[in-house]
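Single-structure report; data block below.
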Amino acid sequence: MDLPSSTADSTTECACQYMTLVPRGLHFAITEWVQQRIPLHQSIWVSESEAYSHDDLTQESTSWRKHSVAVPIGTVHSQTKSDISIGYNSHRAVIWTKPGQHSYMWWQFATAEPASDVPNLRALGPVTALVGSWKLSPFPQRRIATLSEMAEAIHFCLRSDSYRKQQFPSALRIWRQVALSNWKSVSERVRDDSLFVDDLWLASTNTDNPGLKFRISCVRPDDPNYTRRDLIMAVANDLVPSSWTVDLKHYDVEIVLFLKEDDTDPCSHHFAVALALHPYQYLGCHSFSSGIVPPDVAPPYMTLTGIVRLRPSTAQLLLHLVGLKSGAVVLDPCVGIGTIAHECAYLKYVGLGGDIVLTPSLLGPQATTYSASIQNEQQRIAATLIAWDAANLPIRTAVATFGAE
């Protein structure tokens, strides 16, 4: 069996490594967004080749091509059948994405910025502290097919001295710094310095000093051969020190396994281990335990049961793509609960919006609470929201042009 490769290298020894999941087609936007705010020491897109493609629908029927819109948003790709268009990039090339959980790319990056600041970057979404990332290629002519084969390949990664003495302790230190700095509540175990030593596996033999409580979650495409739970049970003993105890509800740290087939190599899988940096267990929301991308929990977080809304991280990227200047006015005529309008407060824009659901009997109370929370956090008016019908907006129909050519 060939030694799996890891993303760690000497250029990132002084930087902390992270991983997040980014919607396909928006990968170029998040790279620009982050680089404008923090310096990056490393940036790796796993299986980037199929992130988005140029307009290859030139032979398509032109019956739906009107005016300058060649491929309307929501167009299904005629060849792949699984891709849909979500707009254009700066070169007017169509951006294709895959709906559902397969639409997310892995972005692994390193920065020397304080660990407590990184999860607060609003465009990052569900960011994690990266323990390690490997390419699994045990068989030269085929991919891993069975649970036992996958478990053997993963064991090969997790039983190394590098994982136990360097990668896992390093990620755990990042996780602890974030938890102590950013989370409103942590257990006394997280505050106990004796549980955070360099050689966690050697210290785990001390039965008088039990370790942290943990849960393991797994994010991967569906596989008919074995379940996510089967994979977790097969590799759990090598993931954490033996003194740690499982607690699926009242855990300290959530360990996340990421697994996907390599888009470019038919005989390989990508595998990663990371620690969740957001306190899902204290917020009453879904974590990675569902097997899909958890909700954004950027402050101020609200539990919105039964309400589907745009992710704040996606709203940040969409506003970034527009390229507005400070003080610009952004109007969202179908604002919903107000995510896009409220995110303007973090970018020094003026957010305006309205929706037919912003009435006392529908989403009005939730929108009011959310607006008040953002205003309290930002110490400024977040956004102006109005209950209106987008088909009958209270704005003039005439167009006025200001300034000379």
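Does the range 13-26 contain any residue that is modelled with pLDDT of 65 or more and loosely packed, with under 14 Cβ neighbours inside 10 Å? Yes, because at least one residue in the range 13-26 is modelled with pLDDT of 65 or more and loosely packed, with under 14 Cβ neighbours inside 10 Å.
Looking at the structure I just gave you, is S373 of a type in the set (G, A, S), within 28 Å of P23 (Cα to Cα), assigned to a helix (DSSP H, G or I) and modelled with pLDDT under 90? Criteria met by S373.
Restricting attention to the range 123-159, the residues that are in a loop (DSSP other than H, G, I, E, B) and more than 23 Å from V253 (Cβ to Cβ) total 11.
Among residues of the range 357-368 that are free of Cβ contacts under 8 Å to residues at least 40 places away in the same chain, those with a beta-carbon under 6 Å from a residue that is assigned to a loop (DSSP other than H, G, I, E, B) and small (G, A, S) at least six positions away or on a different chain give the pairs A367/G338. The range 181-280 holds strands (runs of 3 or more DSSP E) entirely within its bounds, and those carrying 2 or more residues that are crowded, with 16+ Cβ neighbours inside 10 Å, touching a strand residue (DSSP E or B) at 6+ places or on another chain (Cβ under 9 Å) and of a type in the set (D, E) map to 253-261. Within the range 385-398, can you find the residues that are at pLDDT 90 or above and either farther than 23 Å from L304 by Cα or not aromatic (F, W, Y) (or both)? Residues satisfying the conditions are L385, I386, A387, D389. Among the residues of the range 153-162, the one identified as surrounded by 15 or more Cβ atoms within 10 Å (Cβ to Cβ) and either among the basic types (K, R) or without any contact (Cβ under 8 Å) to a residue 40 or more places away in the chain (or both) is S160.
Step by step: first the residues of the range 319-338, then only those that are in contact (Cβ under 8 Å) with a residue 40 or more places away in the chain and among the aliphatic types (A, V, I, L, M), then the one that is farthest from G364 (Cα to Cα). Which residue is that? Filtering first and then ranking leaves L321. Within the range 320-337, the set of residues being surrounded by fewer than 17 Cβ atoms within 10 Å (Cβ to Cβ), within 26 Å of T31 (Cβ to Cβ) and over 22 Å from the mean Cα position of the chain (by Cα) comprises G323, L324, K325, S326, G327, A328.
Each residue in the range 94-124 was checked for being at pLDDT 70 or above, surrounded by fewer than 21 Cβ atoms within 10 Å (Cβ to Cβ) and more than 20 Å from Y18 (Cβ to Cβ), and 0 of them qualify.
Condition test on L172, is it in a helix (DSSP H, G or I) and either under 27 Å from the mean Cα position of the chain (by Cα) or farther than 25 Å from T264 by Cα (or both)? The answer is yes for L172.
The values are calculated or read from the model by the stated rules, or taken from the named source; none is laboratory data. From a predicted model like this one, the values you see are computed outputs, not experimental measurements. Please note: Cβ atoms are built from the backbone with ideal geometry, for glycine as well, and neighbour counts cover all protein chains shown.
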